[in-house]
Each structure stands twice: as C-alpha cells, then as structure tokens.
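The values are calculated or read from the model by the stated rules, or taken from the named source; none is laboratory data. Note that the structure is a prediction, hence the values are computed from the model and not measured. Please note: Cβ atoms are built from the backbone with ideal geometry, for glycine as well, and neighbour counts cover all protein chains shown. Note: areas computed on protein heavy atoms with side chains; ligands, DNA, RNA excluded. Shrake-Rupley method; radii C 1.70, N 1.55, O 1.52, S 1.80 Å.
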Amino acid sequence: MAGLFINGAVDDASVKAFDELENSVKSLINAAIEARKHAYCPYSKFAVGAAIQTDDGHIYTGSNIENGAYSASLCAERVAVAKAVSEGKRQIAAVAVVGLQENSFTTPCGLCRQFLMEFAKTDFPIYVAKPINPPLRVLCTSISQLLPKSFKLDF
Ligand SMILES: [Zn+2]
C-alpha cells in the first residue's frame, strides 16, 4: 500500500488484521483495551488506553487522566511511560494505543510522540487499534514514522 492517510500522512504504515499479529502484540493491545476501562475523562468522554512493553518484556499500562484545569490532563501514553520510567525502565520496545474514533485510528498526539521518543534507543513499533475485543484491524507503525526528524537532546 503506497502511503496511508490516517490522522495525516503515515508513510510505510500498514493496517493488518488482528488475527495476523503475533501473540505478544495481541497481548499488548489487549492490555491497552483493559487499561482504557480506567480512563478518567469526565470532560471529553474520550477514553484512551495505552500499553508499553519495555525491553525486559514487562508491560506498563495507562489511561488518560483529565483535569478540570484542562492543561493538567495526561494522555494514556504518558501515564504508561511515567509508570515504567518511575520503576526504573527506560527503554521502550513496543507500544499499543486504543481509542474509539469511528473513521480514524487514535494515534499518539504530538506531545506523546516526543515523550515516547525520549525512551527510544532504537525505533520501536506502535500498534493502534479500536477498543473492540478483538479489534478487527490494527495500524502498525513506529515511533520514527510518527515523529520523523525528531528532537533529541544530545550532549
Ligand atoms: Zn498524547
């Protein structure tokens, strides 16, 4: 497939059937679906779940946490990263994100892409699905596809 237009141009991303994915990827997506159930989103009503697998195989999950002072809100991806990093894990191996938008995949926002990139020793896959169990289709992309030419502080 030559290019894909989902929340903007995503080159080289592909949409696969959930059933085609490896069991480890299915587990990561299912963890994100479970995490989404804990979303605190009374203002937007837009629940998102995320699951991050670190290089040692552990999975850390997050859901979005909104706040009445809107700018204090946290996305699911950053919650999951904060849980991993605060427990000493600093290398992301894979990410799953789930949100329910009828006509598009819920890819990480720009802020979360930068936040995720901080813990990318190498490129890692990002799987985006709808929170339906099982999700039918999964957008398979990566952090470098979603955030090309990213900023990295390099002393
Ligand atoms: Zn975000």
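Observations on the structure shown:
- Net charge over other residues, Cβ less than 14 angstrom from the Cβ of Gly110 (K, R count +1; D, E count -1): +1
- Relative to the Cα centre, the charge distribution of the chain, modelled as +1 at Lys and Arg Cβ and -1 at Asp and Glu Cβ, gives a dipole magnitude of about 300 debye.
- Here the 3J(HN,Hα) profile of region 86-97, calculated from phi with Karplus coefficients 6.51, -1.76 and 1.60 at θ = phi - 60°, is 6, 9, x, 9, 10, 9, 7, 9, 6, 9, 10, 9 Hz, Gly and Pro shown as x.
- FRET efficiency, 1/(1 + (r/R0)^6) with R0 35 Å, evaluated for Phe155 and Leu100 via beta carbons: 0.25
- Scaled to the globular estimate 2.2 N^0.38 Å, the Cα spread of the chain, given as radius of gyration, is 0.97.
- For the residue pairs Lys45/Lys83; Lys16/Lys89; Lys26/Lys83; Lys37/Lys152; Lys16/Lys83, the alpha carbons lie more than 27 Å apart in Lys16/Lys89; Lys37/Lys152; Lys16/Lys83.
- Taking all protein chains together and a 1.4 Å probe, the residues Ser27, Ser150 rank Ser27, Ser150 from largest to smallest accessible area.
- Mean separation of Cα pairs under 8 Å and 6 or more residues apart, divided by the residue count, gives the chain a relative contact order of 24 percent.
- Computed lengthening from Arg113 to Asn23, 0.36 nm per intervening residue step minus Cα-Cα distance: 29.9 nm
- With the simple model of a label 7 Å out from the Cα in the direction of the Cβ, Glu87 to Asp55 spans 1.8 nm.
- Amide H contacts of Phe124: Ile143, Ser144, each under 5 Å away and 5 or more positions distant or on a separate chain (H built 1.01 Å from N in the peptide plane; Pro and chain starts excluded).
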